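Novice: Have a look at the structure that comes next, please.
Throughout, read-outs are computed from the coordinates displayed, never taken from laboratory work. In this text, all values refer to a predicted model and were calculated from it rather than measured experimentally.
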Amino acid sequence: MGKRHNMRSSGGSVEITELTDKFTFNPKEGIDNPVMVTTEDADSVWTLSPRLCVLKKEEGESYGFHLRVEKGRQGHIIRNVVSGGVAECSGLQDGDRLLEVNNCHVDDVPHHEVAKKIKISGQQLCLLMLGGEQYEQAVSRGQDLRSLGQAHKGEGGKPPRLCHISRDPASSLGINFTPVEGEKGRFSVSLVSGGAADKAGVCKGDRLVWMNGATVSDLTHSALSRMMKKCGDHITILVIDGESEKNYTRQRMPILPTMAIPHNLPYRATKLHLVSGPEGYGFLLRLEKAPSGHTFHVLREMDSGSPAERAGMRDGELLLEVNGESVESLMHEEIVDRVRLSGQQVSLTTITFQGLEFYTQLGLSPLLFSEDGAVEREKESSVSASAAEQSPQKEVDGSCKPRLCSVQKGPLGFGFNLGCFPQGPGTFVSQVAFGGSGQSAGLLEGDVVMEVNGQNVEEKYLEDVIMLVKERGQFLTLLVMEKNGYKLKQTKTPTRDISDSEQEEDNYEITIL
C-alpha cells in the first residue's frame, strides 16, 4: 500500500506519496509468486518505494538543489539540497535519483534535456524520486525503472490535454460544464457533437482542470459560468478523462499544463536554424517599443532568398532565444555579439507578438510547445554545423594565454559542465553545450578554470568552485586556459598532468536548479 506524508513549508503545504509495488497472491503460482519469496535480497527488490514530490516556488525563487550526472554512477542524482529550501521541504534528499519530471520518464534521457524540462515548467514541478541505495540495488538487479513510475498510474492513465477552442457561428464554443455531485470544484464536460470544442480535442465526459490559466478546483459553478461569459470568442482549457483523473487524484499528483498534449493552439514558438551565406544571414534585428512601453527584439527586413527567409523567418516576429539562450535580459548589442560568435550557423527561437501575449496571459512559457521550423534543413546542414562547432577549437589550439570568458545565464543555465581532477584540487570544463551560453562566451571542453569572478580557484575543489558560480547569479566571468597550455604553465603540479581517459572517468555533469 502507498503511504502519504503531509509537510508544511513557507510556500504552503507539500504532499509526499511513497509508492510500493503491490502483488496479489495466486495459489497456482505457489512459491514462484514474488510475495512468497522470503530471502532478504528478494525482499529488497520488491519493496522499492518511489516518492512523489511536488515542488512549488515563488517568482524569482530557486528550487534549491543541484541535478548531477556523475561518472561511475548511474542516474540523475540530487545533490546540494538547500536546508529549508523548496526541494528539502518537498522531500528531496541528497543522493536521490530522479525517475520522472511532470509524469515523463527521464532516467534514460540526457542531462541537458532533463534540466530543460525542469526549467521551463514554471512555478510548479512534479518529480518522482527513488532513494540512492534503492536505485543502485534496482539497477544491479536489472529492475525495470520505467515500470516503477507506471505502476502508480494504473491502467489506462493518459496525459491531460491543453485545448484551445474558437467560437463558431453554428455551435458557439460547443461546450458545457456540469458540477460533479457532492464534490466542489469538479466539473464534467458535455459537448455539441461536431462543435468547436469537439474539433479542438475535448472529449465527452472529460473533467475540467484549468481554464485560461486558472485552476477550477476552488470555483463554484456560478463562478465558472461567469468566467465563461467573459472569455469572448476563445477559451483555452486543460482537460483529462475521468479515469485518468482518478489515478492522478489517488496518488495526490497534480494535473499540470506542463504535462499536457497541446491541441489546436493558435500560436507556437518556432526554432529556426540559419546557415550564413556570402551576404550573412539576411535580416535586421531591431529594438522596438510596444504601446505598453515594453521593448522587444524584433526581426525585420528579410532579404529575398536569404538564409533567414529560407529558414522560415517572418517580418515582425519577436526573438526569444539565440542558441538556446534567453535574450529577455540581454542588451541589443549583446544579442548581436552572440549571433556573431556563433560563426556560420545560428539557432533562433521566435514567436509572434500575439503568440507571446497568448502564453503570458495563460502564465505559461512559450517554449513549452515550440516546434522546429527547419528540421529537414538542419539535417542537410549537419556537416556544416559540425565544422562550425569545431572551428573555434582550431583557432585556440596551441595557445598558452589565459582567456577571460563572460557568460550570461540562459534558460538552460550557463551552458557548460564542470569536472574535477582526481585526488586533488582543480576544475576543468568537462562539456560545453552546443549553441549554449558557454559556447557563445568562448569556453572549450578541457579548459582549465583558473579564476571565477576574479577569485583564483586553482587550488580549490569542485564543490567550492560550484558555490562560487552559484553565488554570482545570472552573470559569470571565468579565467580559463586551454588544457595543454595549462600543463606547460603548471608542470610543478603532477596531479594536473593526467590522461584524457582519467579525466573521462572522473568528470560529471551538473545543473544548478
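Novice: Eigenvalues of the Cα gyration tensor times 5, then square-rooted: what semi-axes does that give for segment 161-250, in whole angstrom, largest first?
Specialist: 20, 15, 11
Novice: Enumerate the calculated ³J(HN,Hα) couplings along segment 366-371 in order (Karplus 6.51 cos²θ - 1.76 cosθ + 1.60, θ = phi - 60°), each rounded to whole Hz, writing x wherever the residue is Gly or Pro.
Specialist: x, 7, 4, 10, 6, 10
Novice: Just to check I understand the Karplus step: with θ = phi - 60° and J = 6.51 cos²θ - 1.76 cosθ + 1.60, what whole-Hz values come out for segment 112-129, glycine and proline as x?
Specialist: 5, 6, 5, 4, 5, 4, 6, 6, 9, 7, x, 8, 10, 9, 10, 10, 9, 10
Novice: As an exercise, find the ratio Rg/Rh for segment 270-383 from alpha-carbon atoms, using the Kirkwood inverse-distance average for Rh.
Specialist: Ratio of gyration radius to Kirkwood radius: 0.95.
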